[in-house]
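Asks: Questions regarding the structure given below will be posed in turn.
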Amino acid sequence: MHDNDGSVQMIDRDAAAMLIEPLTELVLRAGEAILAVNRCAMTIEGKADGSPVTEADLAADRIIASGLHELAPKIPMLSEERAGSARPPYRGSFFLIDPLDGTKEFIAGRAEFTVNVALVTEGTPLLGIVGAPAMGLIWRGLAGRGAARVRLDGGRLGAAEPIHTRPMPRHGKPWIAAVSRSHGDRLSEAFIDKRPNAVREQLGSAVKFGRLAEGSVDLYPRLAPTSEWDVAAGHAVVTAAGGRITAPDGGVLKYGEGRDGGFIVPGFIAWGDPSAADSY
């Protein structure tokens, strides 16, 4: 970790590697706080954009914010629950957080919700951790250093198992495409229809990135706008696992710039096999 021109803080790959374990523990603790909330009796409020926020979102946000302040007090953080006070653009390194991705899944009583923490450097996700507490899984990755899946056992972290994306289907084998359980869109469906014999697997939240990173699915397109905190951690994990994520036009996604006053990704295509993106 070092200063850049005296004001902008930068975390390089070596420094990020030192943060993987404490950040994983932080995601574990945030997940435990979510699971401790009684879904049948919790408070649910609506945000300005119409999306729900619960006491579980806020509890996880407090734990992550406090933990990051202790781990890296000079590194800015941008959380979904604190976006109203954000001051873009974010230069150098910053943490990009979704304390509870898949709030609709959580409210509905399903297990497919996640805690997403990403470390972004110069607009590109460098490190990502996606925790699925109700599924007992954490996916994590550091670009250039590989990705892993960690199983949770009684509130403790198990051994990290290396994971990798898989080659694109060949010889008539079907593509398996991850699709959103709650946020489908016409353009993404049309894109999947162009894959030979495509099979859709409905999943909630950033679990889709985890399944792509571990080689369970081949493709995850979302050709509709979404928020940066929904994508950044999964972006880092998939990239570290050998995959590739592009903008819908094949270009590069950049984070933290705050274009048009918001933190919106116009869409993306996540590929397990990078060569598939080149042939698209």
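Asks: State all residues of the range 74-97 that are among the charged types (D, E, K, R) and within 17 Å of residue 116 (Cβ to Cβ); if no residue qualifies, say none.
Replies: Residues satisfying the conditions are 80, 81, 82.
Asks: Can you confirm whether the range 120-135 contains a residue that is aliphatic (A, V, I, L, M), surrounded by fewer than 24 Cβ atoms within 10 Å (Cβ to Cβ) and in a loop (DSSP other than H, G, I, E, B)?
Replies: Within the range 120-135, none of the residues are aliphatic (A, V, I, L, M), surrounded by fewer than 24 Cβ atoms within 10 Å (Cβ to Cβ) and in a loop (DSSP other than H, G, I, E, B).
Asks: Right, next: Across the range 157-177, which residue is nearest to residue 21 (Cα to Cα) among those that are modelled with pLDDT under 95 and surrounded by fewer than 14 Cβ atoms within 10 Å (Cβ to Cβ)?
Replies: The qualifying residue nearest to residue 21 (Cα to Cα) is 159.
Asks: Also, quick follow-up: Tell me, yes or no, whether the range 72-82 has at least one residue that is surrounded by 17 or more Cβ atoms within 10 Å (Cβ to Cβ) and in a helix (DSSP H, G or I).
Replies: yes
Asks: Taking into account only those residues within the range 40-64 that are of a type outside the set (Gly, Ala, Ser) and part of a loop (DSSP other than H, G, I, E, B), which is modelled with the lowest pLDDT?
Replies: 49
Asks: Further question on the same structure: Within the range 179-221, restricting attention to residues that are surrounded by fewer than 17 Cβ atoms within 10 Å (Cβ to Cβ), without any contact (Cβ under 8 Å) to a residue 60 or more places away in the chain and among the hydrophobic types (A, V, I, L, M, F, W, C), which residue is nearest to residue 132 (Cα to Cα)?
Replies: So, considering only residues that are surrounded by fewer than 17 Cβ atoms within 10 Å (Cβ to Cβ), without any contact (Cβ under 8 Å) to a residue 60 or more places away in the chain and among the hydrophobic types (A, V, I, L, M, F, W, C), the one nearest to residue 132 (Cα to Cα) is 199.
Asks: Considering every residue within the range 154-173, establish whether at least one is on the phi > 0 side of the Ramachandran plot and in contact with a strand residue (DSSP E or B) (Cβ under 8 Å, 6 or more places away or on another chain).
Replies: No, because not a single residue in the range 154-173 is on the phi > 0 side of the Ramachandran plot and in contact with a strand residue (DSSP E or B) (Cβ under 8 Å, 6 or more places away or on another chain).
Asks: Would you check which residues across the range 93-119 are in contact with a Ser or Thr (Cβ under 8 Å, 6 or more places away or on another chain), surrounded by fewer than 24 Cβ atoms within 10 Å (Cβ to Cβ) and modelled with pLDDT of 95 or more and list them?
Replies: If the condition is that a residue be in contact with a Ser or Thr (Cβ under 8 Å, 6 or more places away or on another chain), surrounded by fewer than 24 Cβ atoms within 10 Å (Cβ to Cβ) and modelled with pLDDT of 95 or more, then 112 is the only one that fits.
Asks: Given the criteria aliphatic (A, V, I, L, M) and either touching a helix residue (DSSP H, G or I) at 6+ places or on another chain (Cβ under 9 Å) or touching a residue at least 40 places away in the same chain (Cβ under 8 Å) (or both), does residue 270 qualify?
Replies: Answer is yes for this residue.
Asks: Let me ask another. Is there any pair linking a residue in the range 106-119 that is assigned by TED's automatic domain parsing to the domain that holds residue 51 to one that is of a type in the set (S, T, N, Q) and in a loop (DSSP other than H, G, I, E, B), with Cβ under 8 Å and at least six apart or on different chains, and which?
Replies: Listed by first residue and then by second, the contacts come to 112/205; 113/205; 114/205.
Asks: Could you go through the range 208-218 and let me know if any residue there is more than 19 Å from residue 21 (Cβ to Cβ), out of contact with any strand residue (DSSP E or B) (no Cβ under 7 Å at 6 or more places or on another chain) and modelled with pLDDT under 95.
Replies: No, the range 208-218 has no match at all.
Asks: Same structure, new question: Just give me the residues in the range 246-263 being within 17 Å of residue 224 (Cβ to Cβ), modelled with pLDDT under 95 and not in a loop (DSSP other than H, G, I, E, B), in sequence order.
Replies: Scanning the range 246-263 gives 259, 260.
Asks: Would you check if there is a residue in the range 131-146 being among the basic types (Lys, Arg), touching a strand residue (DSSP E or B) at 6+ places or on another chain (Cβ under 8 Å) and free of Cβ contacts under 8 Å to residues at least 60 places away in the same chain?
Replies: Checking the range 131-146: not a single residue is among the basic types (Lys, Arg), touching a strand residue (DSSP E or B) at 6+ places or on another chain (Cβ under 8 Å) and free of Cβ contacts under 8 Å to residues at least 60 places away in the same chain.
Asks: Of the conditions (1) under 24 Å from residue 103 (Cα atoms); (2) touching a Lys or Arg at 6+ places or on another chain (Cβ under 7 Å), residue 213 satisfies every one except a single condition; which number is it?
Replies: So the condition that residue 213 fails would be (2).
Asks: Right, another one. Looking at the range 65-79, is at least one residue under 16 Å from the mean Cα position of the chain (by Cα), within 17 Å of residue 130 (Cβ to Cβ), modelled with pLDDT under 95 and assigned by TED's automatic domain parsing to the domain that holds residue 35?
Replies: No; the residues of the range 65-79 include none that is under 16 Å from the mean Cα position of the chain (by Cα), within 17 Å of residue 130 (Cβ to Cβ), modelled with pLDDT under 95 and assigned by TED's automatic domain parsing to the domain that holds residue 35.
The values are calculated or read from the model by the stated rules, or taken from the named source; none is laboratory data. Just so you know, these numbers come straight off a predicted model, no measurement behind them. Don't worry about glycine lacking a Cβ; one is built from the backbone with ideal geometry, like all the others, and counts go over all protein chains shown.
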